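Comments concern the structure below.
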Amino acid sequence: MTRDETAFAAAVASAADHLLVIAPPGCGKTELLARRSVHLVSGLEPYQRILALTYSNKARANLETRLREALGWDRLRRLVAVRNFHGHAAELIKAHGTTLGIDPASSLPDRQTLKRAMAPVIDGLSPKDSAELQSRIEADLRAAKQGPRTDAQVLEWLQRNACPEALVVEVDRQVSGALHYDDLLRHAQRLIRVPQIAALYQVHYGAVLVDEFQDLSPQQLDLALRSCGTRRTFVGDPLQGIYSWTGARPVQVERRLRRLCGEPNGLGVSYRSSPRVLDVVNAVAESLGGHPLQADPEGSWHEGGVASFGTFGTGADEAKFVVEMSQEILKKHPNQTIGVIARMGWRRELVDEAFEQTQLRVIRWDRVIEDPALLRILVAARDRLGSKSGDVESFRREVLAGVDVADEDTRADLEAAVDLLVEQAGGAAGFRSVLDQLMDPDTDTAIPAGVHLLNAHVGKGQQFDWVFIPGFEDGHIPSFLAKGSAQELEEKRILLVMLSRARHGVIVTSARGLISRAGRPYTTTRSPYADLIEAAAGSDLAAVIAQVERYAPDGDQSGRGVAVSTAHDEFAS
């Protein structure tokens with residue numbers, strides 16, 4: 001057994017009451033949590049369950065899938081509650097909200113509730129001024145609610161520290177009796193600090209598993225600690241902390257967990273990425289003060305994998321290259337997954353448009369209607385209703401009927417999906433014909449084969465056989481929105497997350513010239529990280545084309561592809 005396997009096994013079977021595990025990208029974090037759940041269920045009392053907490057819906061789906069494989073469906077259903085933090089908070093409020101004067105029958109918020117509330121305040125402003133004010137209001141309200149404050153204390157904080165518009169939005173909320181998304185965590189924290197309520201949860205949950213601890217705010221950490229008093233396991237990687245804008249405090253949270261748990265268990269072998277991908281991942285990790293990862297010694301990587309960096313003359317040339325490489329990979333190996341990951345959506349637009357002209361299976365993660373998990377729910381609701389599915393509101397009720405009361409993220413996504421279908425239909429009259437065009441995704445895989453178009457933050461915790469990272473220019477990577485040393489440091493951590501999603505190959509590209517929103521061409525500036533990535537990648541785009549020609553997953557080198565046409569002259573030089 002290798003040293004890393006020994007550390008992994010020790011963490012899984014640890015008898016420590018409080019366990020902290022540092023698990024860098026691809027080191028088996030989710031698998032560790034799944035195996036630890038098998039170890040922990042044997043110590044549960046007959047009436048107890050394990051609480052598994054994650055940051056996002058996609059992370060929850062990944063963990064739930066792995067837990068089901070480890071425990072089986074019946075034991076998972078009976079013995080484990082898998083929640084994201086807002087879902088756990090919503091359950092607390094539904095069960096005990098009357099303690100705070102909250103009607104348990106009242107509607108819970110979703111991620112769009114605050115945006116709708118801000119609309120009257122920002123109405124009539126220019127797009128730039130509107131975006132800036134909206135960002136300021138969101139930040140002020142989030143800061144005001146990062147603690148167990150009462151409504152009166154929130155108003156007092158806003159009066160001292162916030163812009164006037166944030167105060168207006170909050171006053172309107174309190175007058176109406178509505179809740180916004182950040183109110184869920186605030187009220188849940190207030191509730192879990194009631195000793196009698198905390199005691200109920202600490203009896204019910206005999207263990208807690210917390211995924212991605214570096215993404216937690218102190219408020220979320222407090223909620224986790226008070227919900228379960230024993231056998232707590234926290235797994236994550238401080239170098240992947242990229243959510244400070246939502247209140248996450250990686251350094252503060254890690255410091256508190258080290259005091260509680262002692263020295264962390266550390267893992268150092270990547271079971272996800274090829275040696276060539278790890279060359280680039282390690283270069284960024286070491287520049288952040290991290291330790292280099294080793295590739296799985298038993299891994300089988302065609303030619304050691306791929307890592308390359310190249311520059312194109314224009315964004316259109318860059319987009320054409322990404323599409324042609326993806327077509328070539330999927331033509332030879334249709335079961336491969338390809339992630340095209342941008343730091344921000346605007347820089348991916350040319351690539352998205354180029355993919356729309358192909359026949360490839362393409363899923364845009366910012367389009368809820370293309371999410372396989374949501375699509376499966378929509379198709380099932382249509383089939384259950386039959387001829388009655390043409391009525392929009394009947395269909396909406398059927399779609400939402402099976403959603404867990406605490407799962408506000410999924411509820412909001414499904415609401416948005418139904419609204420999008422109505423929009424596509426041009427109104428209620430054509431709704432049924434649009435529904436009839438929906439196809440079952442015919443897979444239970446969270447990331448099915450094909451091309452996935454996404455932004456950096458939503459890719460957290462995911463993996464793809466190939467990753468393309470377009471737009472490696474200053475202003476995009478790092479973002480022009482990053483101000484100050486702390487945000488600049490987080491930009492490099494975001495880059496680490498993007499690179500480490502890749503299994504076999506990662507291809508980083510930039511363009512010398514782009515077109516502005518106003519239609520004016522401009523010359524880009526080289527990313528300050530370009531030298532680091534270029535040196536670590538060690539191969540140009542011509543080498544990528546050659547390797548894609550020879551590529552055979554899992555050591556099968558029999559496949560041979562056709563030549564790829566190129567519409568650019570930049571990469572060869």
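The values are calculated or read from the model by the stated rules, or taken from the named source; none is laboratory data. Please read these numbers as outputs of a predicted model, since none were measured by experiment. Reconstructed Cβ throughout: ideal geometry from the backbone, glycine too, with neighbour counts over all protein chains shown. To get the accessible areas, we keep the full protein, side chains included, count just its heavy atoms, and leave off ligands, DNA and RNA. Shrake-Rupley method; radii C 1.70, N 1.55, O 1.52, S 1.80 Å.
At 0.36 nm per residue, minus the direct Cα-Cα distance, what do ALA10 and ASP366 gain on full extension? Give it in nm, one decimal, please.
Taking 0.36 nm per residue and subtracting the Cα distance, the gain is 124.2 nm.
Considering the values (i) 28; (ii) 11; (iii) 17, which represents percent of Cα pairs over 48 Å apart as calculated for the structure under consideration?
Derived directly from the coordinates: (ii).
With a cut-off of 8 Å between alpha carbons and a minimum separation of six or more residues, what is the relative contact order of the chain in percent?
Relative contact order for the chain comes out at 19 percent.
Where Lys and Arg each count +1 and Asp and Glu each count -1, what net charge lies around GLU45 among other residues with Cβ under 14 Å from its Cβ?
Spelling it out: positives minus negatives among the neighbours equals +3.
Rounded to the nearest 20 debye, what is the charge dipole size of the stretch 117-232 about its Cα centre when +1 sits on each Lys and Arg Cβ and -1 on each Asp and Glu Cβ?
That gives the stretch 117-232 a dipole magnitude of about 620 debye.
Between GLN174 and LEU489, what FRET efficiency follows from the Cβ-Cβ distance if R0 is 45 Å, with the result rounded to 0.05?
Result of the calculation: an efficiency of 0.75.
Would you mind calculating the relative contact order of the stretch 210-276 from Cα pairs under 8 angstrom and at least 6 residues apart, reporting the percent as a whole number?
Relative contact order for the stretch 210-276 comes out at 40 percent.
Using a 7 Å offset from the Cα along the Cα-to-Cβ direction at both SER516 and ARG255, what is the distance between the two label points in nm, to one decimal?
If labels sit at SER516 and ARG255, their model points lie 4.3 nm apart.
Report, ordered by chain and residue number, the lysines lying within cross-link reach of LYS58, taken as a straight Cα distance under 22 Å and ignoring same-chain residues fewer than 8 apart.
LYS29, LYS460
In terms of the Cα gyration tensor, with a ≥ b ≥ c the square roots of its eigenvalues, is the stretch 282-330 rounded because a/c is under 1.5, prolate because a/b exceeds b/c, or oblate?
Verdict is oblate for the stretch 282-330.
Go through LEU489, GLY427, THR509 and say which Cα lies farthest out towards the positive end of the charge dipole of the chain; charges sit on Cβ, +1 for Lys and Arg, -1 for Asp and Glu.
LEU489
What ranking do 472-485, 57-70 get when scored by the average of other Cβ atoms within 10 Å per residue, highest first?
So the peptides 472-485, 57-70, ranked by packing, come out 57-70, 472-485.
Can you give the local net charge around ILE197? Use residues other than it whose beta-carbon is closer than 14 angstrom to its beta-carbon, Lys and Arg +1, Asp and Glu -1.
So the surrounding residues net to +2.
Could you give the length gained on full extension between ASP123 and ARG397, defined as 0.36 nm per residue of separation minus the Cα-Cα distance, in nm?
Full extension from ASP123 to ARG397 adds 95.5 nm.
What's the ranking of 181-188, 71-78 by average number of surrounding C-beta atoms within 10 Å, highest first?
Averaged packing, sorted descending, gives the order 181-188, 71-78.
Return the distance in nm (one decimal) between the two label points of a simple spin-label model at GLU69 and ALA482, each offset 7 Å from Cα along Cα→Cβ.
Between GLU69 and ALA482, the label points sit 3.3 nm apart.
Is there a quick way to get the dipole size of the chain? I mean about its Cα centre, with the Cβ of Lys and Arg at +1 and of Asp and Glu at -1; what is the value in debye to the nearest 20?
1420 debye
Express in nm, to one decimal, how much length is gained between ASP419 and LEU200 on full extension, taking 0.36 nm for each residue of separation and deducting their alpha carbon distance.
In short, 74.9 nm is gained.
Lysines near LYS483 by alpha-carbon distance under 16 Å, same-chain residues fewer than 8 away left out - which ones?
Cross-link targets: LYS492.
Could you rank the peptides 286-296, 272-282 by their average count of other C-beta atoms within 10 Å per residue, with the highest value first?
272-282, 286-296
May I ask for the distance between the Cα centers of the stretch 358-416 and the stretch 213-248, given as a whole number of Å?
Between the Cα centre of the stretch 358-416 and that of the stretch 213-248, the gap is 30 Å.
What is the distance, in nm, between label points placed 7 Å from the Cα along the Cα-to-Cβ direction at THR358 and at ARG160?
Between THR358 and ARG160, the label points sit 5.5 nm apart.
Taking 8 Å as the Cα distance limit and 6 or more residues as the minimum spacing, I'd like the relative contact order of the stretch 1-153 as a percentage.
Taking the mean separation of contacting Cα pairs over the length of the stretch 1-153, I get 15 percent.
Express the carbon and sulfur contribution to the solvent-accessible surface of the stretch 159-269 as a percent, rounded to the nearest whole number, probe 1.4 angstrom.
Its accessible area is 54 percent carbon and sulfur atoms.
Could you check what % of the DSSP bridge pairs in the chain are antiparallel, to the nearest 5?
Expressed as a percentage, antiparallel bridges in the chain total about 10.
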